[in-house]
1. Regarding segment 348-360, can at least one residue be identified that is surrounded by 11 or more Cβ atoms within 10 Å (Cβ to Cβ), assigned to a strand (DSSP E or B) and either of a type in the set (Val, Ile, Thr) or touching a helix residue (DSSP H, G or I) at 6+ places or on another chain (Cβ under 6 Å) (or both)?
2. Out of segment 45-69, which residues are loosely packed, with under 12 Cβ neighbours inside 10 Å, among the charged types (D, E, K, R) and either outside any helix (DSSP H, G or I) or in contact with a strand residue (DSSP E or B) (Cβ under 9 Å, 6 or more places away or on another chain) (or both)?
3. Let me spell it out: the conditions are (1) closer than 30 Å to Glu316 by Cα; (2) at pLDDT below 70, and Phe269 meets all of them except one. Which number is the exception?
4. Which residues, counting only those in segment 361-375, are loosely packed, with under 12 Cβ neighbours inside 10 Å, assigned to a loop (DSSP other than H, G, I, E, B) and touching a strand residue (DSSP E or B) at 6+ places or on another chain (Cβ under 8 Å)?
5. Looking for whichever is modelled with pLDDT of 90 or more and either in contact with a Lys or Arg (Cβ under 8 Å, 6 or more places away or on another chain) or assigned by TED's automatic domain parsing to the domain that holds Leu41 (or both) here; the options are Lys371, Lys365, Lys342. Which one fits?
6. Residues to consider are Ile185, Ile150, Ile135; find the one that is touching a Lys or Arg at 6+ places or on another chain (Cβ under 8 Å) and either modelled with pLDDT of 95 or more or assigned by TED's automatic domain parsing to the domain that holds Ala199 (or both).
7. Quick one: which of Glu97, Glu103 is in the same structural domain as Phe160 (by TED's automatic domain parsing), among the acidic types (Asp, Glu) and surrounded by 11 or more Cβ atoms within 10 Å (Cβ to Cβ)?
Amino acid sequence: MLNNVNNIFKSKNKYYLLGICVDQNVSLFQLLIVTYNNGVLDIEDRYLSNSLESLFKEKYKKKYPVILYTESADVVNKKVVYETGYRSNILFKANLEDFYFYEYTQHKDIFVSVVRKDYINQLITDLEHFNLTVIHLSFGPFVLANVFPILTEEKSLASFKHVLNISNKSILDFSKTENEVSYKINEDAFNQKELPLIASFFDFKFPIESINFENDFLSKNKEDYKYKVWLKNFGTAAIVLLLLSIVVSHNLLDTYLTKLGEKQSLYVFSNQKIEQLNNQKEELKLKESILQSSSLFNKSYVTKYYADIGNSTPLEVTLKTIDFLPIDKKIRTNEKVIYSNKTIVINGETNNDNAFNNWIEKLRKIKWVKKIEIIDYKQEKKNNNTFILNIKF
């Protein structure tokens, strides 16, 4: 059973990479289900459909976070010179606040994809009907710039309906295409419908400075999803502890019944147990007195500290242990337990230095946090750092 418990808490990060292409009012949905753990991306399943319902109501019912990519006639793609007012030149007299811009800057040029906010918002709403949360978004073929460092030998890269002609990791030009092509990354092959989904995942995990997209409107989705994950893990832990207590109680009951059957004298047995019970009660009172003097029964603030830490933690940071009021010295029988006063020690790991630094800044802004010390921060594996934090409150 303990092995099963370990499996619960070692679950990998899973994502839906969803591509939506709308062409002449016909929608096509390309889905990749991926896991990402310790810097390794694995493809679990692929599926092509013309219906969201067939994907998420009939075939896949897990509520993984969605990394969304879209390409359609509603998305306008342009190459423009980087100069003041270039967005207005693209849209003429239209209101810039009605549009999202996904931009790739290359020297003095900008490759920009433009789409109405209503179009994107409707896609997100459609996915919310299946209780799915969009945590990242990209649109237009220029997202493929995220895979330039990986596919260095390719002269062109294609998406659903476009192809980029490239040289030395730079875009020469782009055009529309209907050709079916395939690309190989490590041992996995990806067609032109799947490649922009991989590029969108890299855009989410490893953003590059040359791509600009103001996606603050997704911040609430990310926070809501992190809260759901935290709540799920907390509930799982509570269920596991309940099951363990039931098993222990059952084993104790069996032990007592067996001993009862072995006793020849019910009278002697009863007196022994009564005496033992009285001793245990006295010991329990003593231990309760020690614990109460150690201030461990005030639960309200402990729950708030755990909740604030959990809510602030980004997806790129994994918390392994949170030690509230760590013990200063070895516990001795019938002695008061001495704890590190107003201290929380956190052990964890991260695959993103920027996300870790931003998290530390968030923690410092929490009202009850007085001081944060980074006790240890070192690289254990490639793209994986471990850390120890000491928080004073």
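The values are calculated or read from the model by the stated rules, or taken from the named source; none is laboratory data. All values derive from a computational prediction rather than experimental measurement. Every residue, glycine among them, receives a Cβ derived from its backbone with ideal geometry; neighbour counts consider all protein chains shown.
1. Yes, the conditions are met somewhere in segment 348-360.
2. Asp45, Lys61, Lys62
3. Here Phe269 clears every test but (1).
4. Lys370
5. Result: Lys371 is the single residue among Lys371, Lys365, Lys342 that is modelled with pLDDT of 90 or more and either in contact with a Lys or Arg (Cβ under 8 Å, 6 or more places away or on another chain) or assigned by TED's automatic domain parsing to the domain that holds Leu41 (or both).
6. Answer to the check: Ile135.
7. Criteria check complete, one pass: Glu103.
Residue-by-condition table, conditions (1) modelled with pLDDT of 80 or more; (2) surrounded by 10 or more Cβ atoms within 10 Å (Cβ to Cβ); (3) of a type in the set (Gly, Ala, Ser); (4) part of a helix (DSSP H, G or I):
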| site | (1), (2), (3), (4) |
| --- | --- |
| Ser200 | yes, yes, yes, yes |
| Ser219 | yes, yes, yes, yes |
| Gly235 | no, yes, yes, yes |
| Leu241 | no, yes, no, yes |
| Leu291 | no, yes, no, yes |
| Leu296 | no, yes, no, no |
| Ala307 | yes, yes, yes, yes |
